[in-house]
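Take a look at the structure below.
Every number in this text was worked out from the coordinates using simple rules, so none of it is lab data. As the structure is a computational prediction, the values presented were derived from the model and not from experiment. Using ideal geometry, Cβ is built from the backbone for each residue, glycine included, and neighbour counts are taken over all protein chains shown.
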């Protein structure tokens, strides 16, 4: 079965510290992977996506993610967080054969300590 | 600017009442989606439509209905059969072409539905 697991429900980091949000997926074919960010009461905004090629992908707002097929992971990283990064982050997986359905993880809420 | 507009932002439903959430997009996207978001549960797919006049049930379609009479519009009706409708509802669209899900979804800003 297709699934996405974000094992951390809530993470708090200090402003200026590095960040890594974990994402593991289960998918039968080559996955297309996404990270989205959601501010309170808002929709989701795409941070970055991986389809093929270089396994380290760069996104907006200084975020990057690395696809590791052997670990079925697609972790999101940022070298130095800002207070404005406080939000909820969702990992998602899709594939060409899935009839345009994308599966979302349950999300990780990020808080920033001043 | 192109985008997805959801209205209203807040909606209240009385017992036994049907309510309709609006979703309009001017992105010329083929596929549109409705998700329900509950705290700690991420997004769950209610219905999706890949082309006009066609739609499919998602994972939690019971108590909901949709229509797709125009490419730019995909309204969601929460019927009285949905016993726990309080949630945040998100509409999304994809320029899916042949239906590939390698395109990122564009999201509206959501509608928060509550029971009176």
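Observations, loosely collected:
- Per-residue mean of C-beta atoms belonging to partner chains within 10 Å, peptide B:40-53: 3
- Calculated log₁₀ intensity ratio I(q)/I(0) where the Debye formula runs over C-alpha points of segment B:1-50, q = 0.13, 0.15, 0.16, 0.17 Å⁻¹: -0.42, -0.56, -0.63, -0.71
- Compactness relative to 2.2 N^0.38 Å, alpha carbon Rg of the protein assembly as shown: 1.01
- Taking B:90, B:21, B:11 in turn, the Gaussian network model of chain B (Cα-Cα springs below 10 Å) assigns the largest fluctuation to B:11.
- Residues considered: A:45, A:58, A:71. Largest GNM mean-square fluctuation over chain A, using C-alpha springs under 10 Å, is found at A:71.
- Using C-alpha pairs under 8 Å with a sequence gap of at least 6, the mean separation divided by the residue count of segment B:3-116 gives a relative contact order of 36 percent.
- Space enclosed by the convex hull of the alpha-carbon atoms of segment A:33-76, per residue, Å³: 72
- Computing FRET efficiency as 1/(1 + (r/R0)^6) for residue A:39 and residue B:26, where r is the C-beta to C-beta distance and R0 is 22 Å, gives about 0.45.
- Relative contact order (percent, whole number), chain A, Cα cutoff 8 Å, 6+ residue spacing: 37
- Here, chain B is characterised by an Rg to Rh ratio of 0.95, where Rg is the alpha-carbon radius of gyration and Rh the Kirkwood radius.
- Distance between segment B:27-101 and segment A:16-83 - C-alpha centres, whole angstrom: 24
- Counting Cα-Cα pairs of chain A in 10 Å increments starting at 0 gives whole-percent bin shares of 14, 49, 30, 6, 0.
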